[in-house]
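Please read through the structure below; I'll follow up with questions.
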Amino acid sequence: MAGPFSRRPAAKPKDTGKTLKRIMKYLFAYKLQLAAVAVSIIVSAAASVAGTYFLKPIINQYIVPYIGSKNPDMTGFASMIGMLAAVYALGVAGTYAYNRLMLNISTGTLYKLRTELFAHMESLPIKYFDTHTHGELMSRYTNDIDTLREMLSHGIPNLFSSALTVIGIFAMMVVLSPALTVLVVFVLILILFVMKKIGGLSAKYFRKQQKEIGRVNGYIEEMIEGQKVVKVFSREQIVKSDFDKINDELFHAAANAHTFAGILMPIIGNLSYMLYSLTAAVGAIMSIKGYIDIGTIASFLQYTRTFTQPLNQISQQMSAILTALAGAERIFEVLDEKPEVDEGIVELVHARKKDRGELEEAEKYTGMWAWRQPNEDGSINYSELKGDVRFEDVTFGYEENKTVLDGISLYAKPGQKIAFVGSTGAGKTTITNLINRFYDVPDGKIRYDGININKIRKADLRRSLSMVLQDTHLFTGTVMENIRYGKLDATDEEVINAAKLANAHSFIKHLPRGYNTMLTSDGANLSQGQRQLLAIARAAVANPPVLILDEATSSIDTRTEALIEKGMNTLMEGRTVFVIAHRLSTVRNSDAIMVLENGTIIERGDHEDLIAAQGKYYQLYTGMFELS
Amino acid sequence: MNASVQECLIAIRVVKAFVREDHENEKFRAAADAVRKAQLKAEKMLILNMPIMQFVMYCCMIAISWFGGRMIIGGTLLTGEFMSFISYVGQIMMSLMMISFVFVVVVMSRASAFRIAEVLDEEIDIRDSSGNKDLKVEDGSVVFDSVSFSYSKNKDNLTLNDCSFEIKPGETVGIIGGTGSGKTSLVQLIPRLYDVIEGRVLVGGHDVRDYKLGILRNAVAVVLQKNVLFSGTIKENLRWGNVEATDSEIIEACKTAQAHDFIASFPEGYDTYLGQGGVNVSGGQKQRLSIARALLKRPKMLILDDSTSAVDTATDSKIRQALRENLKDTTKIIIAQRITSVSDADRIIVMDDGRINAIGTHDELLAANSIYREVYESQQKGVA
């Protein structure tokens, strides 16, 4: 915690005005409450300024004239005090009111901002998540929202009330005594000058401190990650001394930063005492000469005492607000990211066959699905969902000028099993990412049941495909809920059937609470193989015509895989399946195997063909070549 | 709420693949609403702070004006004294505010202090032996004497259960078994990354707990399953094994680990800079660098924990051959998924569910052990 005067080198917002305007837009949802806040702040500030002014009439009219009198008339005095009490009561009420109202507004605004941020994040294309780390996005929800909360519930109201108080005090000072006010202004300029000088120095070291903190954290992260390596190489001492070095740097930067921040407070304090005594001395002389009365001096002195406090508040709040604005800007940056575009018009609907074999839309689940394809003339075509996928000369790159896939053509007829083999970076996963439109092919040459996939609504397209990924990603919740993720309205029976299909039923039964066992943090209480089985069951309950298995079994040992295989085989029956695998034993019985290298298919055929061809696949299979 | 964001970020592909964005939004909205309510409740108290402070201050002012005024009129107080008094009250108020502020900060930092203290107080359960300080590791023999081990120190949840075997110096031993069967746990006991619960582990004829940790770990080189390289040049990373290694020693170790060729192919060779975690080399290259790093220790014992999984079988066998030729006296323990990686070992230990299922040579196991045969067959299918 830096002293109240410190100016932390807040990450400065790039466009303060624009960001502020956007925040205002959120706040204006609370117009009435906001107006009430403004009134309350004015009342509160006015009360604190006016209260002090009361000293003058009290002293001048009700105290001084009666000094020494035996039978003073106290009624006027009493009513004056009563009025003061009333003003103060109003002030306290105002302060409470604006704080309370602001709390409502700020929590409501933050709630809205959070949910908007989350919903928007969900709609962003996968590409965005490739280029932004989780930590980066998480800090939007933690740091940035937190600073924004500070600013909304304390920063802005305090800033306004302090500013109003300062203006009010200054006005009253001028009214009371212009001459003394000149003196105050003069000393004030001196104070501001000192503040800027020392504040600047401490800001420099605060910046350095920030940088050093980053270095220290980076080092800690790396060493925690490699903790076991450090231990087996007995490097503890060396690591410790390296850490000491950077920690020392941080210490020096922090010490300097806080020294300057720390001495600022006493210096300003002493200057304001000086101001007080100077005003008192000058006021006394003026009073002796008869230019000014005692009551005026009393309230003027009181004003000089209270003057510096709101000034501190302002300088403190300003830097906090700048930090918050920078945070808000980062939040808006995420909100401004373009969501996945979806110009699809083809929808997936339940269907049934009419007598003449024509398709007709059905309300409820019929076991049959159809693509609902509106024509230009307004008529609607229905075609059955079969799971026929074709790539026609597809070229794709995540970044421009960097092709990952180069002229890929392939077809998968309904019910076929197509496998992709190749080293990391050959483009295997990219192909599957294109099928479900995690990424868009610039010129759409991927057809699904003969329909250009760019024309299919993304949600419908993805519903017709099911993916089992290498990293299973289970969610916090029961086993049942996790499997049901594949189809939210699945009955318990459907879930259990899916689990049986995936060969997961037997191990689930043995869990302490069966299907109601809670899974925590990505299913840490299950083995890798069990997690994988759940992921397969999850895909099974969705019951899609097309299945994508992306390295689904690569982190399981071959023996466990043999157990899963049965579940997989039942699942794959009658579906179009795309398999990506590292391990060739997984893909051997595919209808067609594509060997990818540098984004092109260099070999294709079934296992026997490829072995007979004695090409790359043969080399891979016999272990003559490295897959990495 | 943060947990739900985190979970969603990690699993974004699953969320999208199953078109569950709305479902997740619904979940998040509930969490965010709970946060809002909690915040409202907590801050309701906090915002009383300011008005109460003002209230007290204002009461003081009124009281002083009233009583002070009467005293001045009564002649018991001078106007100047009255004004000093008001000033003092102001000062006291300021100080009180400061104290309350500090108090809040102290309360807030107390929680953090506790958490720091928790880490500092965490008992170091693996302590250097107090016994013979100069005890050296004489040879690379290993004995497991009915060892049981559990990460949670809970005897009902054993990761390793009553494991006994002996390894002679210079022997090559393979360990094979399914995921979670305890292979990694087994070898981590040798350099004392963990301590046993029951039984003992002997290295070079002495209990590992009798050695100084530094001496023990310098004699036992482990190439971990999760290879971690650090930011720095390749050479700097390799020197973790031996700070004083000469360039020629480094090259020799890399040749044994079959890493020299690819390092030499980099434009900057051994001075190539690796990013954090070695992001700019492939998995197989990382594994070979880690092996070279371990070799530089010139260990009495080398443990490869699934360290060649991303290396192709041809290179894998070259590495094993080089190890056999160049490190004759070093005991080699090789954990692997691939049968081919261990089939030429002197002996193979088959692990299953934390127990030693069988020990024997490739041929013996193939003939007599069902697990081994299953693994073998699942990997050989179709290879004629």
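Taking amide H atoms as placed 1.01 Å from N in the peptide plane, list the residues 5 or more away in sequence, or in a different chain, whose amide H sits under 5 Å from that of B:Ile303.
For B:Ile303, the qualifying residues are B:Ala221, B:Val222, B:Val223, B:Ile333.
Related question: Among B:Ala310, B:Ser370, B:Leu323, which residue has its Cα positioned farthest towards the positive end of the charge dipole of the stretch B:247-384, with +1 placed on the Cβ of Lys and Arg, -1 on the Cβ of Asp and Glu, and the dipole taken about the Cα centre?
Comparing the listed Cα positions along the dipole, B:Leu323 ranks first.
Would you list A:Glu392, A:Glu608 from fewest to most Cβ contacts within 10 Å?
Fewest-to-most Cβ neighbours within 10 Å comes out as A:Glu608, A:Glu392.
Going 7 Å from the Cα of B:Ile197 along its beta-carbon direction, which residues of the stretch B:159-178 have the amide nitrogen within less than 16 Å of the resulting point?
B:159-164
For each pair in B:Lys235/B:Lys300; A:Lys417/A:Lys500; A:Lys31/A:Lys197; A:Lys353/A:Lys458; A:Lys127/A:Lys204, compute the distance between the two Cα atoms and list the pairs where it is over 29 Å.
From the list (B:Lys235/B:Lys300; A:Lys417/A:Lys500; A:Lys31/A:Lys197; A:Lys353/A:Lys458; A:Lys127/A:Lys204), the Cα-Cα distance tops 29 Å for A:Lys31/A:Lys197; A:Lys127/A:Lys204.
What nm distance separates the two modelled labels at A:Glu384 and A:Asp591, each placed 7 Å from Cα along Cα→Cβ?
Taking the simple label geometry, A:Glu384 and A:Asp591 are separated by 1.5 nm.
In addition: Report the calculated FRET efficiency for A:Ile267 and A:Asp146 (r = Cβ-Cβ distance, R0 = 25 Å), to the nearest 0.05.
0.20
Report, in debye and to the nearest 20, how large the dipole of the stretch B:243-371 comes out about its Cα centre when Lys and Arg carry +1 and Asp and Glu carry -1 on their Cβ.
160 debye
With contacts defined as alpha carbon pairs under 8 Å and 6 or more residues apart, what's the relative contact order of the stretch A:405-516 in percent?
Contact order relative to length: 14 percent.
I would also like to ask the following. By count of other Cβ within 10 Å, fewest leading, how are A:Lys245, B:Lys235 ordered?
Lowest count first: A:Lys245, B:Lys235.
In degrees from 0 to 90, rounded to the nearest 10, what is the angle of the helix A:16-27 Cα long axis to the longest principal axis of chain A?
The answer is roughly 80 degrees.
Considering the zone a paramagnetic label at B:Tyr273 would reach in this model (a point 7 Å from Cα along the Cα-to-Cβ line), which residues of the stretch A:200-229 have amide N under 20 Å from it?
What the label zone holds, given the 20 Å backbone N cut-off, is A:211-223.
Considering the dipole of the stretch A:65-173 built from charges on the beta carbon (Lys and Arg +1, Asp and Glu -1) around the Cα centre, which of A:Tyr88, A:Ile105, A:Met74 is farthest to its positive end?
A:Met74
Here's something else I'd like to know. So what is the relative contact order for chain A, in percent, with contacts set as C-alpha pairs under 8 Å and at least six apart?
15 percent.
Which cross-chain or sequence-distant (5 or more) residues have an amide H under 5 Å from the amide H of A:Ala552, H modelled 1.01 Å from N in plane?
Long-range HN contacts for A:Ala552: A:Ile580.
What average number of partner chain Cβ atoms lie no more than 10 Å from the Cβ of the residues making up B:62-70?
6
Report the FRET efficiency, 1/(1 + (r/R0)^6), for B:Val104 and A:Tyr291, where r is their Cβ-Cβ distance and R0 is 45 Å, rounded to 0.05.
Given R0 = 45 Å and the Cβ-Cβ separation, E is 0.45.
Excluding residues on the same chain fewer than 8 positions from A:Lys208, give the aspartates and glutamates whose Cα lies under 16 Å from its Cα.
Here the aspartates and glutamates satisfying the reach criterion relative to A:Lys208 are A:Asp248, A:Glu249.
Still on this structure, please answer the following. Using Cα-Cα distances under 8 Å and only pairs 6 or more residues apart, what relative contact order does chain B have, in percent?
Here the relative contact order equals 17 percent.
Let me ask you something else. Mind computing the radius of gyration and Dmax over the alpha-carbon atoms of the protein assembly as shown? Å is fine for both.
Computed over the Cα atoms of the protein assembly as shown, radius of gyration and Dmax are 37.7, 126 Å.
A follow-up question, please. For a quick check: with amide H placed at 1.01 Å from N, whose amide H comes under 5 Å from B:Ile348's, ignoring anything fewer than 5 positions away on the same chain?
Those lying under 5 Å, H to H, from B:Ile348 are B:Gly174, B:Gly360, B:Thr361.
Follow-up question, since we're still on this one. Starting from the stretch B:147-196, pick out the chymotrypsin sites (Phe, Trp or Tyr not before Pro) whose DSSP state is loop and whose Cβ has at most 15 other Cβ atoms within 10 Å.
Sites meeting the loop and neighbour criteria: B:Tyr151.
How tilted is helix A:294-336 with respect to the longest principal axis of chain A? Cα atoms for both, answer in degrees (0 to 90, nearest 10).
10 degrees
While we're on this one: Among B:Ala294, B:Ala111, B:Ala11, determine the one that fluctuates most according to a GNM of chain B built with springs between C-alpha atoms less than 10 Å apart.
Taking springs between Cα atoms under 10 Å, the residue moving most is B:Ala11.
Okay, next question. Is the C-alpha gyration tensor of the stretch A:230-302 telling us rounded, prolate or oblate? Criteria: a/c under 1.5 is rounded; beyond that, a/b larger than b/c is prolate, otherwise oblate.
prolate
Cα gyration tensor of the stretch A:234-388, axes a ≥ b ≥ c as square roots of the eigenvalues: rounded (a/c below 1.5), prolate (a/b > b/c) or oblate?
Cα axes put the stretch A:234-388 in the oblate bin.
Separate question: Nearest 10 degrees is fine. How inclined is helix A:558-572 to the longest principal axis of chain A, computing both from alpha carbons?
Helix A:558-572 sits roughly 80 degrees off the main axis of chain A.
May I ask you to sort B:Ser150, A:Ser40 by Cβ crowding, counting other Cβ atoms within 10 Å and putting the fewest first?
Ascending number of Cβ neighbours within 10 Å: B:Ser150, A:Ser40.
Return the subset of A:Lys245/B:Lys297; A:Lys70/A:Lys289; A:Lys231/B:Lys328; A:Lys231/B:Lys297; A:Lys509/B:Lys155 for which the Cα-Cα distance in this structure is over 18 Å, preserving the input order.
A:Lys245/B:Lys297; A:Lys70/A:Lys289; A:Lys231/B:Lys328; A:Lys509/B:Lys155
Please compute, for peptide B:35-46, the average count of beta-carbon atoms on other protein chains lying within 10 Å of each residue's beta-carbon.
4
Suppose every K and R has +1 on its Cβ and every D and E has -1 on its Cβ; what is the size of the dipole of the protein assembly as shown about the Cα centre, in Debye to the nearest 20?
Computed about the Cα centre, the dipole is about 3480 debye.
Which residue, B:Ala264, B:Val223, B:Gly205, has the largest displacement toward the positive end of the dipole of the stretch B:174-280 when charges sit on each Cβ (Lys, Arg +1; Asp, Glu -1)?
After comparing all options, I get B:Gly205.
Treating only the Cβ atoms of Lys and Arg (+1) and Asp and Glu (-1) as charged, compute the dipole magnitude of the stretch A:361-464 about its Cα centre; round to the nearest 20 debye.
460 debye
Then there is this: What FRET efficiency do you get for A:Phe193 and B:Lys226 if R0 is 60 Å and r is their Cβ-Cβ distance, rounded to the nearest 0.05?
Step by step, r from the Cβ atoms, then E = 0.55.
If a helix is a whole DSSP H run, which ones in chain B reach 24 Å or further along their own axis (Cα) and hold a mean Kyte-Doolittle hydropathy of at least 1.0?
Helices passing the filter in chain B: B:79-121.
Could you derive backbone 3J(HN,Hα) for the stretch A:263-274 from the dihedral phi with the Karplus parameters 6.51, -1.76 and 1.60 (θ = phi - 60°), listing whole Hz in sequence and x where the residue is Gly or Pro?
6, 4, 4, x, 4, 4, x, 5, 4, 6, 5, 4
What's the extension gain from B:Ser112 to B:Phe85 if we count 0.36 nm per residue and subtract their Cα-Cα distance?
So the extension gain works out to 5.6 nm.
Also, quick follow-up: Rounded, prolate or oblate: which fits chain B, taking a ≥ b ≥ c as square roots of the Cα gyration tensor eigenvalues, rounded meaning a/c under 1.5, else prolate when a/b beats b/c?
It is prolate, given that a/c is not under 1.5 and a/b is the larger ratio.
List the longest stretch of chain B that has no exposed loop site; here a site is one of the GluC sites (Glu not before Pro) assigned by DSSP to anything other than H, G, I, E or B, with at most 16 other Cβ within 10 Å.
B:1-121
Measuring from a point 7 Å past the Cα of A:Lys240 along Cα-to-C-beta, which residues in the stretch B:239-256 have an amide N at less than 13 Å?
Within reach of a label on A:Lys240, which here means backbone N under 13 Å from a point 7 Å along Cα→Cβ, the stretch B:239-256 contributes nothing.
Take every residue in peptide B:312-318, count the Cβ atoms of other chains within 10 Å of its Cβ, and give the average of those counts.
4
Read the figures in this text as sums done on the coordinates, not as results from a lab. Owing to the predicted nature of the structure, the values given are computational and were not obtained by experimental measurement. Glycine also receives a Cβ, built like all others from the backbone with ideal geometry; neighbour counts cover every protein chain displayed.
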